[in-house]
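Asks: There's a structure below that I have some questions on.
Values quoted throughout were computed directly from the atomic coordinates according to the rules given, and no laboratory measurement underlies them. Since this is a predicted model, take the numbers as computed values, not measurements. Here the Cβ is made from the backbone with ideal geometry for all residues, glycine too, and neighbour counts use every protein chain on show.
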Amino acid sequence: MITLLEARAVNKRFGGLQALTDVSLHINRGEIYGLIGPNGAGKTTFFNVLTGAYAIDGGEFVMNGSELPVGMPHLVAAHGIARTFQNIRLFREMTALENVMAGHHIRSSAGVWDILFQTRKTREEERLMAERGLEILAYVGIPQHADTLARNLSYGDQRRLEIARALATEPQMLALDEPAAGMNATETVGLRQLIETIRHDGITVLLIEHDVKLIMGLCDRVAVLDFGKKIAEGTPAEVKRNPDVIRAYLGANHAH
Amino acid sequence: MTSFSTSRSLPGPLNDPRTQRILIIVGALVAPLIALSFGASWVRILDFALLYVLLAIGLNLVVGFAGLLDLGYIAFYAVGAYTWAFLASPHFGLHLPFWFILPLGAAFAGIAGVFLGFPTLRLRGDYLAIVTLGFGEIIRIFLNNLNQPINITNGPQGIDQIDSLNIAGLDLARNIDLFGFKIHSLVLYYYAFLFCVVIALIVVRRFQISRIGRAWASIREDEMAAKAIGIDTRGMKLLAFAMGATFGGVSGGLFAAFQGFVSPESFSLLESIAILTMVVLGGMGNLAGVVLGAVLLTALPEILRFIAIPLQMMLFDKVYLDPEVLRMLLLSLAMILMMLWRPAGLLPARTRYAHREGRTA
């Protein structure tokens, strides 16, 4: 197993609240790694420090052996981590295809002069980006919506489009923040298939999820956060039996 | 092309985008000749309309594409105008050629844009508007007061006797005879300005349907998501400010040459707001809309001036409402009506940024 991402003693405080305390974990290349925990355990905070949305108060993230930039989301994306948001954040007034093409921004290179003079290279790049965008839309299962404004898509399709946009950045790791939230049973099944396909195609997946069934069926390994600390890590089966986890979810009476 | 959304209601052949385009081109070419038959002052209004179109195109890039509300845009117009005034007037005794001053003015304006951009990178919406508003005022106040201890701007008196636009020996301030046809100076200026507007439209259009245009749009839509997909929002915002300012600088230089006189009072906050109104009224993000907004809002007040005074004299034998007051009144009324019935502008951006052309072109 090759380690793709390692978190070393990550700390994050919000004023007096210690949101993350010495969280260390490693994610192997090609696995689906789940991050679970009760509400307020620090899952999304972990996501936000990992992807650079928040500055970090201690510790570091190491990806492929080099330290990730801190508090600079656009550089983290360039390092190969793409994310989605818990409450969908699409470019609502842009079409689905434009959303995906925007995702391709860091993997394209046309500069001011190229665009001003519409060089052959630029036109070619633009054409390829549109082509690639359509491919990705087909990959996540919404090719028919290429020209639909993002805000007019159904909820499930918006989730898919957000994943498509993240994939367009050509990430090594895809970080999904509660992708199944608000989805109906059918949509969840579809999402699960999509995540498996993505992993099958060589992209590591980090998953935060409330839907325990989804996590347990999908993930290779799971870490459990409670009050900002990692209380367990292992295969879903191991974690399910862990008394600390049961206590965190169900209260002290149920652990024995 | 960003076709007119009203085309649905037009009869037969006018529905065809190609016909529309030809009509617009022909209209733009013959407009000054028709206007001239009503009097030279109407051509002058058209010339000003084109300068405003140029400003509106630039401001639209900042506000409409990148979503950065800029209330001090007129400052860049001032930078361009004063650059021209300094380098082509008896004030400093310099008379440099246009091909040098115009790009220089644009560059200075662009740099001013970056200066404005840097401190405001983290601001959005109302807060950004307030800072940009202050920036616009700072520039104006500088121009007003930099006449001592060393006289740089000549203060409130402004700078006069500015050189006119002189292209390869052809002085646009003079009427010329072409094979017996007399071409009026104002008409010459019209075509020079029209040329600049067309270039500006092509440039902006290219950016709109490019990777940079998409990056701007994504910042406008959701800055946090834009960062998450790797867009360098700082760089892209600075680029938007700088590019938008460049158009203001060009327009300002042309203004100085055309008018022959600049003074700080041409660059007041009201002007910034007027340009923003053009952008919003026409349809933020839609180039055709922005052009329409600029032309309407420059021409209508003038037509109003033409009508209001005689009408009042006829009815009351006395002018109660100054056309200038009426202008502000009608502007406000137009904005209110628009917010009620056409909140996205006269020609709304259909999808504010259309990619289809980019794909098929």
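Asks: Rounded to a whole number, what is D in µm²/s for segment A:97-140 from Stokes-Einstein with the Kirkwood radius over alpha-carbon pairs (4 °C, 1.567 mPa s)?
Replies: 120
Asks: Ok, one more. By counting other Cβ atoms within 10 Å of each Cβ, how are A:THR122, A:THR95 ranked from fewest to most?
Replies: A:THR122, A:THR95
Asks: For segment A:28-125, what are the per-bin percents of Cα-Cα distances with bins 10 Å wide, up to the bin holding the maximum?
Replies: 12, 33, 33, 17, 5, 1
Asks: Grab the beta carbon distance between A:SER109 and B:MET224, set R0 = 30 Å, and tell me the FRET efficiency rounded to 0.05.
Replies: The formula returns an efficiency of 0.80 here.
Asks: Just counting partner chain Cβ atoms within 10 Å, what average do the residues of peptide A:70-79 show around their Cβ?
Replies: Per residue, the number of nearby Cβ atoms from other chains is 4 on average.
Asks: Further, regarding this structure: Around A:ARG83, which amide H atoms from residues at least 5 apart in sequence, or from another chain, sit under 5 Å from its own amide H, with H modelled in the peptide plane?
Replies: Distant-sequence amide H within range of A:ARG83: A:ALA175.
Asks: Let's see if you can work this out: charge +1 on each Lys and Arg Cβ, -1 on each Asp and Glu Cβ, no other charges. What is the dipole magnitude of segment A:214-254 about its Cα centre, in debye to the nearest 20?
Replies: 60
Asks: Enumerate the whole-percent occupancy of each 10 Å bin, from 0 to the last occupied one, for all C-alpha pair distances of segment B:282-355.
Replies: 19, 38, 25, 13, 4, 1
Asks: Cut-off under 12 Å on the C-alpha distance; same-chain residues fewer than 8 positions from A:LYS230 excluded. Which aspartates and glutamates are left, in chain and number order?
Replies: List returned: A:ASP22, A:ASP244.
Asks: Checking the a/c ratio against 1.5 first, then a/b against b/c, what shape does the Cα gyration tensor give for segment B:253-321?
Replies: Verdict is oblate for segment B:253-321.
Asks: Calculate the dipole size of segment B:80-235 relative to its Cα centre from +1 charges on Lys and Arg beta carbons and -1 charges on Asp and Glu beta carbons; express the result in debye to the nearest 20.
Replies: Using Cβ point charges on Lys, Arg, Asp and Glu, segment B:80-235 gives about 480 debye.
Asks: Each residue of segment B:291-306 in order: what ³J(HN,Hα) in whole Hz does its phi give by Karplus 6.51 cos²θ - 1.76 cosθ + 1.60, θ = phi - 60°, with x for Gly and Pro?
Replies: Values per residue, Gly and Pro as x: 4, 4, x, 5, 5, 4, 6, 8, 6, 4, x, 5, 4, 4, 4, 5 Hz.
Asks: Please order B:VAL26, B:VAL62, A:VAL239 by the number of other Cβ within 10 Å, starting at the fewest.
Replies: Starting with the residue having the fewest Cβ neighbours, the order is B:VAL26, A:VAL239, B:VAL62.
Asks: Would you mind getting the Kirkwood hydrodynamic radius of segment A:159-256 from its Cα pairs, rounded to one decimal in Å?
Replies: 14.7 Å is the Kirkwood radius here.
Asks: Can you list residues from other chains, or at least 5 along the same chain, whose modelled amide H is less than 5 Å from the amide H of A:LEU207?
Replies: A:TYR33, A:GLY34, A:LEU35, A:LEU176
Asks: Please list the radius of gyration and Dmax for chain A, considering alpha-carbon atoms only, with Å as the unit.
Replies: For chain A, the Cα radius of gyration and maximum Cα-Cα distance read 19.2, 72 Å.
Asks: If you wrap a convex hull around the C-alpha atoms of segment B:130-172 and split its volume per residue, what is the figure in Å³?
Replies: 118
Asks: Can you bin segment B:101-238 into rounded, prolate or oblate? Criterion: square roots of the alpha carbon gyration tensor eigenvalues sorted a ≥ b ≥ c, rounded for a/c under 1.5, prolate for a/b above b/c, oblate for the rest.
Replies: Oblate.
Asks: How much net charge surrounds B:LEU331 when only other residues with a Cβ under 15 Å from its Cβ are counted (Lys, Arg +1; Asp, Glu -1)?
Replies: Once positives and negatives cancel, what remains is -2.
Asks: A follow-up question, please. What is the log10 of I(q)/I(0) for chain B, computed with the Debye formula using one identical point scatterer on each Cα and no solvent, at q = 0.06, 0.08, 0.09, 0.14 Å⁻¹?
Replies: The computed values of log10 I(q)/I(0) come out as -0.23, -0.41, -0.53, -1.27.
Asks: Using only C-alpha atoms and all pairs of different ones, pull out the Kirkwood radius for segment A:130-215 in Å with one decimal.
Replies: It is 13.2 Å.
Asks: Report, largest value first, the span of the C-alpha coordinates of the protein assembly as shown along each principal axis, in whole Å.
Replies: 101, 66, 54
Asks: Helix by helix, which DSSP H runs in chain A go 15 Å or more along their axis at the Cα atoms and have an average Kyte-Doolittle hydropathy of -1.0 or more?
Replies: Span-like helices in chain A: A:120-140, A:155-168, A:185-200.
Asks: While we're looking at this one, here's another question. Against the globular-protein guess of 2.2 N^0.38 Å, express the Cα radius of gyration of segment A:70-109 as a ratio, rounded to two decimals.
Replies: 1.27
Asks: So, one more: Once you keep just the Cα pairs under 8 angstrom separated by 6 or more residues, what percentage relative contact order results for chain B?
Replies: Computed value for chain B: 30 percent relative contact order.
Asks: Let me ask something else about it. Rounded if a/c is under 1.5, else prolate if a/b beats b/c, else oblate: with a ≥ b ≥ c from the C-alpha gyration tensor eigenvalues square-rooted, which is segment A:50-188?
Replies: oblate
Asks: If you don't mind, there's one more thing I want to ask. Taking every residue in A:95-102, how many Cβ atoms of other protein chains lie within 10 Å of its Cβ, on average?
Replies: Averaged over the peptide's residues, the number is 6.
Asks: Follow-up question, since we're still on this one. Tell me the net charge near A:MET63. Cut-off is 15 Å between Cβ atoms, A:MET63 excluded, with +1 for each Lys or Arg and -1 for each Asp or Glu.
Replies: Counting the neighbours of A:MET63, the net charge comes to -2.
Asks: Sticking with this structure for a sec: Taking 30 Å as R0, compute the FRET efficiency from the Cβ-Cβ separation of B:PHE38 and B:HIS95 and round it to 0.05.
Replies: Working from the Cβ atoms, E equals 0.30.
Asks: Tell me, what HN-Hα J-couplings in whole Hz come from the Karplus equation 6.51 cos²θ - 1.76 cosθ + 1.60 at θ = phi - 60° for each residue of segment A:222-230, using x for Gly and Pro?
Replies: Working through the residues one at a time gives 9, 10, 10, 9, 8, 6, x, 10, 7 Hz.
Asks: Another question, if that's okay. Evaluate peptide B:194-207: per residue, the Cβ atoms of other protein chains within 10 Å of its Cβ; return the mean as an integer.
Replies: 1
Asks: Pick from B:GLY345, B:GLY230, B:GLY125: which is most flexible by mean-square fluctuation in a GNM of chain B where alpha carbon atoms under 10 Å apart are linked?
Replies: B:GLY230
Asks: Next question, about the same structure. Projected onto the charge dipole of the protein assembly as shown (+1 at Lys/Arg Cβ, -1 at Asp/Glu Cβ, origin at the Cα centre), which of B:LEU87, B:LEU346, B:ASN60 gives the Cα projection farthest towards the positive end?
Replies: Checking the options against the dipole of the protein assembly as shown, the answer is B:LEU346.
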